[in-house]
Every structure is written in structure tokens, then in C-alpha cells.
Amino acid sequence: MTIVNDLDENFRFLILEVTNQVDVTRNFMRSMDKELFEKIVSRDDYIDNLKAVIENLIFSKIYQDHSLDQKAINIIRAKNIICSNLERIADFCVNIVRQVGYIKKISSLKNFNHEPFFDEVEKCFPLILPVLEEGNLTKALIICEAELNLDRLYKYHFDLAMAGLRGDKTPEDIVTMLFIFRYLERIGDSLLNIGEALLYAILGEKIKIAQFEALRKTISKSGIDESLPKLRYETYWGTRSGCNISRIKSNSSNDGLRTQDGIFKGGSAKKILAEKKNLEKWQQIMPGLTPKIISCHEEGGKAAILVEFLPGLTLDELVLTCDEDVLASALNNLDKTFQAIWAKTMVKASAETDYIAQLLSRLEGIRAVHPLFFKQDMQISGKPIYSIMELISRAGLVEKQLNAPFTVFVHGDCNTNNILLNQENGVISFIDLYRSRQSDYLQDVSVLLVSFFRMPVFAGSVRGRLNWIIEHIFQEAQAFAAKNKDVYFDCRLALGMARSFITSTRFELNVEFAREMFMRGQYILEKVGSLKKEELMNFKFPIDVLFY
């Protein structure tokens, strides 16, 4: 057959060919006809070639056709994913019929029924083109749900096989049949990938079916009166929290103003529910500081939350885009915000800190990215050079003598990208709050200082601005400590800074810059770890270590 040079037509051909391959495989399983076997195996090369042709056409179209809008590009990219998975399904068909050749006694398999598997698979192929052409979410979800149904069928036959192995005289045949059902189950995985690609074509963003279901149920609870396809769904890339975070934009408006924009977050129930609890507490402490909860949904160890979208620029965006007057005003508002939080939530009771414990819990992640940073103890000219583990151990002994004189309710993940400034009204907002807790205020201070330090900008003018910000934050924290008679401020800040410098290296692939942070953390640990009890109150934090 000649392969025509047209993307849409070849795409249709591929769907038809794979549909036929599955159907012939089903017939072969019924009849064990050798001619059908040959047909399945021989058509596999054609399907592989057709998929390669489509792939070339897809990349050519994306790079050469500059008239394509984003929706058209999304559909083309979805087709590429679909084609890869269709080709994989065809491969599974070949694997299935080859496995049949190892069966010795067909009659021993009468208790195994492959028909429901093929029923589930074959109902999906006619839905692919209508979903792409009509944007029909219901049909896309039918394809996604086939994977779950095939999993259930496989589990039933797996249990049946295990029972049969205990007494059957042909265990080899049962194991072979189990392999066949395993390939049928893996077809479900490919169908799920196809269904999720179709969701991407409709929504314009990549989303897993579990995330989609969580989004659908959370939106339903929110009272937003708009269908999902009409909502604009924008994923926030680069998050390291392990959660799916997306902005949901509604096309509805009220007097010309968007009223239903929100941030959707889905992930483990532990994290999401912790954030919900913290958001509720923050609303009690300082209403308006954090996003309001629109709705929340929990199911099967997973949870999702929809909160209001807060307009504004993050602190790192302010540093890079705003002039110094705007930045100075933002820092002033940030100072007032922290002072208000600390005053309102202060609990005047001595409390242990856990900076060294936090550092220890992240060491494996650091080692995985930068294994060469971890050196053994050594001596140079008779002077001991301690390993990072020894420095941590020594600093840990000192930390036990450095209780915080009071605690406050902290952000818990006080990075520059988790603090917003609304430029219209100057209001500071906090986001991403699942780590909030009652703790030492230097927990937030140390994280924020290193967050500015590790911004990957090295131009002299911008770096000077960062150093100015860092010094300002340090001085404000120092003044707060003096006002509240925090005599161990410098020592505890040193531990927090060492923790933040060293743990930040696991997110930094620029080895030289990562080593710079790691060495600064080591230097601070060495300083603190060498202190005697009577020296703790007089220790001065080496502020120069904060400037790059």
C-alpha cells in the first residue's frame, strides 16, 4: 500500500490499521488460524512505518506551518502521542499471538475468557476521531476508563490463574495465558495515554486522568457554573512540591471583571489537607493575606483544592522587572506584614529548633545531585578538615543549647516565588502554605535570605540589588531580635542559613554555583560547631557570607 503524504489521512489510516490488528488478534485467539498469525505479524512493519511517516509529518508541520494557532498545535501534539500508543498496541497484538504458540493444551484454558478484554479495547478506537473533531470530554473519558476496566479484568484472571496453578496438570499453559492477559492489560495503559492526550487536545494543557477527575469534582463543588472545556486551564510548570498546580480561568464575567479565576492544586491528601487547614488558620490570623478556599475534594488517598487566584508579582519577578522605588515600597510592606504576623502569633515559651534535623532529612537528595560534595575527614599540615557529616554532628550538639525564646506562625516555605505583591494596592500575599506551623521566626528569615541569594542572576547591577535586599532583610530581623531580647539570634540564624544554603544545592545543576552555596553552608557549620557554651551569646553572624 502506498503511504500518502497527508497528516490527517495517515492518522486515520493508522487508527484503522490498529483497529483491524486488534480485531484479527481477537479472531486468532478464537480460531488459532495460522494465516491470521501471519497477517498480524506481517502488518506490524507497515504500522511501524506508518507511525514513522506520521511522526515526520507532525514535526514538519509544526516547524514549517507558521499559521498554526495554539489549539491546532495542541491537537497535532496530541496526535503524536496517540500514534505512539497506537503503534505500541499493535506491538502488543504481535506479542499476544506469539505467546499463543507456546500453549500446549488449548482445552486446559476453557476457564479463561479473553473476549471481555477485546470488548473493552475495541469500543475505544471509534471514539478517537470524534473526540478530536468535536472536543467531546465524555468520549475521551470512556477511553481513559478502559484502562481501569482492563485492570479489573486482569486482576480477576490473575487470581483465577493462581488458583489453577495449585492443581492443574498444565501449569505452563496457565502461565502463558497469564502473559497474554498481561499484554491485554498493558493495552489499557496505552489507551489511558491516548485518552489523556485527547484531554490535552481539548483543555490545552497536559493533565492526568486522576488530576482531571479531581479537577472535575472540585469544580463541581465550587459552584462555578461553566463546563470544563470552556474553562482555560494553565499548568504551572517547575513546581517541586509533588502536586499538580494549575490556574483555572473562567470566561464568565461580571460587569466586565473576571470573577471566577482560581488556582487548582491536586496531590496527596496529606499535603492538600494540610494546606487547607493552614489556609483556614491564616484566614483567622490575617484575613486577606492568603487565598480563600473555593472548594476541596478528597478521595482515595488523594485530594484537590481550588483557591482564589491572587493577582500580583512574586518577589523574584519584582527584583527583575521593577525599579528601585517599587522594590523599596514592596520591602517596606513585607516588613510590616512580617512584624504584624509575628506580633499576633507570638507564643512566649522556649522551644527547640530543628534546623539540623531538616538538613539531615535532605542529605540523600543532595548526594544524588552532587555526590562529589561529600568528602571524608582529612588533615592538611596536621590541621583537621572535617567532613560535612562531622560538621553537621558538631553543629547539632550546639543547636541543643539554642532554644528559641518564643515561636510564631511561620510560612514554612518562604521562598521569593511564594510571596506576592499586588502593585495596585501594595498588599502582600502568601501562597503555597502546606508547611506553615508554629516555629522559630528565623525559619522563614533564613529561607527567604537564601532564596534571594540563589536567584540565578549574576549581572553586577542586579546582583547589587539582591545584596541590598538581603542586607535589608537581615537588618530588619536583627532589629526584631534586639527588640524581643533574642540573645541567640545570630547562632540560630547561622544554623538556619547553613541548612538553607546546603539543601538548596539539590535544586541547582550549575555545579560551580551549587558548590558556592555548599561551601558557604559548610563554613557556617564550622563556625557554629566550634563554639563553646560561654561563647554562644557573643557570636556574630558573618553577614558577608550572604553576599555574592
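What follows draws every value from the coordinates through simple rules; no lab data is involved. Please read these numbers as outputs of a predicted model, since none were measured by experiment. For neighbour counting, all protein chains shown are included, and Cβ atoms are generated from backbone atoms with ideal geometry for every residue, glycine included.
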Could you work out Rg/(2.2 N^0.38 Å) for the chain, with Rg from alpha carbons only?
-> 1.24
If you put +1 on each Lys and Arg Cβ and -1 on each Asp and Glu Cβ, how big is the dipole of the chain around its Cα centre, in Debye rounded to 20?
-> 1640 debye
Starting from the Cα gyration tensor of region 424-547, take the square roots of the eigenvalues, sort them a ≥ b ≥ c, and report rounded, prolate or oblate (rounded when a/c is under 1.5, otherwise prolate if a/b is larger than b/c, else oblate).
-> oblate
Packing-ranked peptide list from 318-327, 467-476, highest mean Cβ count within 10 angstrom first, is 467-476, 318-327
Any chance you could check the Cα centroid distance between region 90-145 and region 188-204 for me, in angstrom?
-> 16 Å
What list do you get for Arg454, Arg506 if you sort them by fewest beta carbons within 10 Å?
-> Arg506, Arg454
Could you give the angle, 0 to 90 degrees to the nearest 10, between helix 7-31's Cα long axis and the longest principal axis of the Cα atoms of the chain?
-> 60 degrees
Using the alpha-carbon atoms, what tilt in degrees (0 to 90, nearest 10) does helix 209-222 show relative to the longest principal axis of the chain?
-> 60 degrees
Output ordering of 332-338, 288-294, 191-197 (per-residue mean of other Cβ within 10 Å, highest first) is 191-197, 288-294, 332-338
Of Cys322, Leu525, Gly412, which is farthest on the positive side of the dipole of the chain, counting Cα position, with +1 on Lys and Arg Cβ, -1 on Asp and Glu Cβ, and the Cα centre as origin?
-> Leu525
Which lysines have a Cα less than 18 Å from the Cα of Lys375, not counting those fewer than 8 places away in the same chain?
-> Lys383
So what's the angle, to the nearest 10 degrees on a 0 to 90 scale, between helix 511-529 and the longest Cα principal axis of the chain?
-> 40 degrees
For region 7-204: rounded, prolate or oblate by the Cα gyration tensor [a/c cutoff 1.5] = prolate
About its Cα centre, what dipole magnitude does region 7-204 give when the only charges are +1 on Lys and Arg Cβ and -1 on Asp and Glu Cβ, stated in debye to the nearest 20?
-> 560 debye
Taking every C-alpha to C-alpha distance in region 313-546 and binning by 5 Å from 0, the per-bin percentages run 1, 6, 14, 18, 19, 17, 12, 7, 3, 1, 0, 0, 0
Taking a cut-off of 21 Å between Cα atoms, list the lysines near Lys533, but don't count ones fewer than 8 places away on the same chain.
-> Lys400, Lys485
Could you pull out every one of the lysines with an alpha carbon less than 25 Å from that of Lys34, ignoring same-chain neighbours closer than 8 positions?
-> Lys104, Lys105, Lys110
